[in-house]
Amino acid sequence: MGSVLSMPGVLSFAEALEIVAARAAQLAQNKPAIESVALRHAAGRVLATPLRADCDQPPFARSTRDGFACRAAEASKHHPLVVAGATRAGQPAAGPLPPGAAWEIMTGAPVPRGADAVLMIEHVATTGEPSAPWIRLVPPRTIEPGENIVARGAQARKGEVLLSAGTGIGSAQVALSASCGYAVLKVFAKPRVAILCTGDELVPIKSKPAAGQIRNSSSAMLATMVAAAGGIPWVLPVARDTAKSLDAALARAVMADLLLITGGVSAGKFDLVEPALARMGARFHFTGVRMQPGKPLVFGELPKRATRTVKRQNGAKYFFGLPGNPVSSAVTFALFAVPVLRALAGSNDRAPRFALARLAEDVKTKPGLTRFLPALCTFAGAIPEVVPVPWHGSGDLAAMAKANCFLVVPDDAEHIAAGAAVRLLLS
Ligand code: AMP
Ligand code: MG
């Protein structure tokens, strides 16, 4: 066991992130299988083929205001213009606009031929009979050609790629798809992610833990995180801290596209996960990261012979040995497993999400490790403000559940003063 544990190095946080990003980029070269999904079920999926405009967008020169279509040069002279007709949204384009005339128009309606601007109703004075009205742009206001009109094809030309393959689908992409006539989208198949928690102390959620036992909370947590990241969670029964139990469990888990194993990767006597992976022929890319929580994190890949039957995945079969404490599992998943999972999902958006916020109170730490402190970011003010949540180490689920992000403390920091701009890991 000693030889396995001492194999590859313990890396800095930045080095580990870079190694995983490079592996994920390589993995992203192999595209997943493609399936069709109804638009109403497409949110959270990844587009597998480019989305193209089926016609010019907008398909006609469109008014963005209620008002009067006109020739800008005529209207800017402030002469009265006779209202020659009206177009409502849904009606075809009228015209041509006679000289010296304006045309009443509603928002979203096609601009009549010959008009080059739309006067806002609020900017004109009306005279004449209601049956034969005249309008005049109220001085000193003038209008330029193109004002309050979106030209035909301004947003997109027919056939133009609006979204590339690999784009994540949310409400805006659903709306765009709908506007282009797509009721069904081609999306990438989701990767299946094995979740294998290990530990003799773990009991199921519905059990009352006996002395020394704890409930397995990480299976449910990771299943939630995998689903949110675009994977299909496959929760395996908990493996015991024996070589036999681990070998049997890993032999099943290897059928997945990505393996998440929790626990058993520290330096303890019953931390048997690395030796079990080594028996399967694993190559370890790193076996520790100078971060806290998450120091014992293991990343590697299994050889092809250990990975039968997964048709769609031509690339490497990666695994993560996540440290057993739930907060460590959550942090390392968000930082390292998400990029690999997103690559397997065919997504172009793979990097973990960091953001900046203003620190609300002083933070003191010891240098040497990059730290991720459960923290609460509030968005009520002009600038997001973050405060660490008091916690009792990486088993403190109650603290993590009060938090909505992790405050990133660089490895050389000892003291960060209130008011400083700090980095957050969004989870
Ligand atoms: P390990 O990395 O196996 O030494 O686990 C460290 C600690 O994390 C254990 O002592 C447990 O308290 C906790 N732990 C491990 N696995 C889980 C799990 N699946 N759910 C909740 N807590 C866990
Ligand atoms: Mg354990």
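Across region 120-134, the qualifying residues are those that are out of contact with any Pro (no Cβ under 7 Å at 6 or more places or on another chain) and either within 14 Å of Ala84 (Cβ to Cβ) or touching a residue at least 60 places away in the same chain (Cβ under 8 Å) (or both), and the one among them that is surrounded by the fewest Cβ atoms within 10 Å (Cβ to Cβ) is Ser131.
Of the residues contained in region 324-340, none is found to be surrounded by fewer than 18 Cβ atoms within 10 Å (Cβ to Cβ) and on the phi < 0 side of the Ramachandran plot.
Give region 374-427 a look and list any residue that's loosely packed, with under 12 Cβ neighbours inside 10 Å and in a strand (DSSP E or B), or say none. Hits for region 374-427 are His415, Ala421. Residues that are in a strand (DSSP E or B) and either out of contact with any strand residue (DSSP E or B) (no Cβ under 6 Å at 6 or more places or on another chain) or β-branched (Val, Ile, Thr) (or both) within region 53-92 comprise Val82, Val83, Thr87, listed in sequence order. Can you name the residue in region 10-30 that is touching a Gly at 6+ places or on another chain (Cβ under 6 Å) and in a loop (DSSP other than H, G, I, E, B) and is also nearest to Leu369 (Cα to Cα) among such residues? Looking at the filtered set, the residue picked out is Val10. Of the strands (runs of 3 or more DSSP E) entirely within region 104-209, those holding at least 3 residues that are under 30 Å from Trp234 (Cα atoms) and either away from ligand 1 (no atom under 16 Å from the Cβ) or within 35 Å of the chain's Cα centre (by Cα) (or both) occupy 184-188, 192-197. Condition first: within 16 Å of ligand 2 (Cβ to nearest atom) and buried (at least 20 other Cβ atoms within 10 Å of the Cβ). Can you find one or more residues in region 187-196 that meet it? The answer is yes; a qualifying residue exists.
I'd like to know if region 228-244 contains one or more residues that are in contact with a strand residue (DSSP E or B) (Cβ under 8 Å, 6 or more places away or on another chain), modelled with pLDDT of 95 or more and basic (Lys, Arg). Within region 228-244, one or more residues are in contact with a strand residue (DSSP E or B) (Cβ under 8 Å, 6 or more places away or on another chain), modelled with pLDDT of 95 or more and basic (Lys, Arg). Which pairs have Cβ atoms under 7 Å, sit 6 or more apart or on different chains, and link a residue in region 209-232 that is under 17 Å from Ala43 (Cβ atoms) to one that is small (Gly, Ala, Ser) and more than 9 Å from ligand 1 (Cβ to nearest atom)? From residues that are under 17 Å from Ala43 (Cβ atoms), the pairs are Gly230/Gly44; Gly230/Ala345; Gly230/Ser347; Gly231/Ala345. Looking at region 147-158, can you tell me whether even one residue there is in contact (Cβ under 8 Å) with a residue 24 or more places away in the chain, surrounded by fewer than 17 Cβ atoms within 10 Å (Cβ to Cβ), over 30 Å from Ala227 (Cα atoms) and among the small types (Gly, Ala, Ser)? Yes: one or more hits.
Scanning region 227-251 for residues that are away from ligand 1 (no atom under 15 Å from the Cβ), buried (at least 17 other Cβ atoms within 10 Å of the Cβ) and in a strand (DSSP E or B) returns a single hit, Trp234.
The values are calculated or read from the model by the stated rules, or taken from the named source; none is laboratory data. No experiment lies behind these values; they were computed from the predicted model shown. Glycine also receives a Cβ, built like all others from the backbone with ideal geometry; neighbour counts cover every protein chain displayed.
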